[in-house]
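Heads up, the thing below is written out as structure tokens.
The values are calculated or read from the model by the stated rules, or taken from the named source; none is laboratory data. None of the values given here were measured: they were computed from a predicted structure. Positions of Cβ are backbone-derived with ideal geometry, glycine not excepted, and every protein chain shown enters the neighbour counts.
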Amino acid sequence: MTTQIKTSKPKILVARAIFPEALAKLEESFEVRSNQEDQIFTPAELKKELSSVVGALVTGSERIDAEALSEAPNLKIVANIAVGYNNFDIPSISAAGVMATNTPDVLTDTTADFGFALLMATARRITESEHWLRAGKWDKWSIVSNPLGMDVHHTTIGIIGMGRIGQGIAKRALGFEMKVIYHNRSRLSEADEKACKATYVSKEDLLRNADHVVLVLPYTAENHHTIGAKEIDLMKPTATLINIARGGIVDDLALAEALKAGKIFAAGLDVFEGEPKVNPELLKLSNIVLAPHIASSTEKTRRAMGDLAIQNLRAALDNKRPPSLINAEVFKE
Ligand code: GLV
């Protein structure tokens, strides 16, 4: 499953497949334990792999916690190739004296583009219409019987999680002359609110008033099931719900039941509870657009994410401060 090249260079782990050019460059400086076969390590395999390296490039499929680190005395950095890092148990990583990094900024616009694309596809029933066409149901153009969607322009977008990506979506919404309301753990500065023409509201007011609800918040224990049956009940029956954040932020079963009952118009999901498995109840529905966690997936952005993760890893192993250090308070400058 893995390949190993014997040299005296510092040894690192690349836990998932990366672009071959990036791997070749790493191999110039490091002894690389690579996993280009892209088979996801079991927790026991990951622990073993980490035990002999000084740095590791990982992704959301690698859970880095006390157990994973328990036999890795020489590990200095775990560099996530993702902006979200709910796969990291930060207190345990910090307690082990290991740096944790992620890949912010380089994916903001690509992910915001995708969030907007998913919103458009969901409101305008694009994938459902394509399936309908492919099934040979399009026998004539019709005012009333072709799939009818919901407008996006001049409606209200409600963004929950107003970090960089949320703000990127808000700025795109302005081009559609949408009213932007948002809810976030903390309110944006006046300047940032002005740049997005965004109004801060409570989560309940957002759910009651938004025509399109977009979720872009990080997954944490407190954010588990931020949207469940109770929250969906507050939404307009004509509203859409878009999740590009993380699985677990939405109660997928409650969402499937609400979509089936017509409590909201449609949903667009890029992330799922327990992905890559998808709740079979969601798969039965037509008023939903499903994507396999691809919000940051353009070649340019995926390469940039890999490059930033490698920059983080190289910095840590050169005893420098990685550009996107998460547990910065543990490693004072
Ligand atoms: C992808 O989901 C990421 O967090 O970068």
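Here are a few things to note about the model shown:
- For THR110, the conditions (1) in a loop (DSSP other than H, G, I, E, B); (2) over 30 Å from GLU71 (Cβ atoms) are fulfilled apart from (1).
- Qualifying residues in segment 77-116 (those that are crowded, with 19+ Cβ neighbours inside 10 Å and farther than 30 Å from LYS332 by Cα) - the one farthest from the ligand (Cβ to nearest atom): PHE116
- Scanning segment 72-102 for residues that are among the β-branched types (Val, Ile, Thr), outside any loop (DSSP other than H, G, I, E, B) and in contact with a helix residue (DSSP H, G or I) (Cβ under 6 Å, 6 or more places away or on another chain) gives ILE77, THR101.
- Of all the residues in segment 135-190, those that are among the acidic types (Asp, Glu) and at pLDDT below 95 number 1.
- Restricting VAL271, VAL250 to those that are out of contact with any Ser or Thr (no Cβ under 9 Å at 6 or more places or on another chain), aliphatic (A, V, I, L, M) and within 16 Å of the ligand (Cβ to nearest atom) reduces the list to VAL271.
- Residue match in segment 120-134 (condition: under 20 Å from ILE157 (Cβ atoms), within 16 Å of the ligand (Cβ to nearest atom) and buried (at least 16 other Cβ atoms within 10 Å of the Cβ)): no
- The set of residues in segment 158-216 that are more than 18 Å from LEU241 (Cα to Cα) and part of a strand (DSSP E or B) comprises ALA198, THR199, TYR200.
- Residue match in segment 235-247 (condition: of a type outside the set (A, V, I, L, M), buried (at least 18 other Cβ atoms within 10 Å of the Cβ), within 16 Å of the ligand (Cβ to nearest atom) and in a helix (DSSP H, G or I)): no
- Condition met for GLY268 (small (Gly, Ala, Ser), within 23 Å of the chain's Cα centre (by Cα) and not in a loop (DSSP other than H, G, I, E, B)): yes
- Number of positions in segment 293-317 that are of a type in the set (A, V, I, L, M, F, W, C), over 13 Å from THR101 (Cβ atoms) and over 13 Å from the mean Cα position of the chain (by Cα): 1
Yes/no per residue for (1) assigned by TED's automatic domain parsing to the domain that holds ILE160; (2) aliphatic (A, V, I, L, M); (3) within 16 Å of the ligand (Cβ to nearest atom):
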position: ALA261; (1), (2), (3): yes, yes, no
position: ARG303; (1), (2), (3): no, no, yes
position: ASP307; (1), (2), (3): no, no, yes
position: LYS320; (1), (2), (3): no, no, no
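- You will find that of ILE288, ILE264, ILE294, ILE310, the residue that is within 21 Å of PRO104 (Cβ to Cβ), at pLDDT 95 or above and in contact with a strand residue (DSSP E or B) (Cβ under 8 Å, 6 or more places away or on another chain) is ILE310 and no other.
- Residues in segment 58-76 that are touching a residue at least 40 places away in the same chain (Cβ under 8 Å) and more than 14 Å from the ligand (Cβ to nearest atom): 1 in all.
Here's the yes/no breakdown for (1) of a type in the set (Gly, Ala, Ser); (2) closer than 25 Å to VAL271 by Cα; (3) assigned by TED's automatic domain parsing to the domain that holds ALA198:
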{"position": "PHE116", "(1), (2), (3)": "no, yes, yes"}
{"position": "ARG124", "(1), (2), (3)": "no, yes, yes"}
{"position": "ALA135", "(1), (2), (3)": "yes, no, yes"}
{"position": "ASN146", "(1), (2), (3)": "no, no, yes"}
{"position": "ILE160", "(1), (2), (3)": "no, yes, yes"}
{"position": "GLN167", "(1), (2), (3)": "no, yes, yes"}
{"position": "ALA170", "(1), (2), (3)": "yes, yes, yes"}
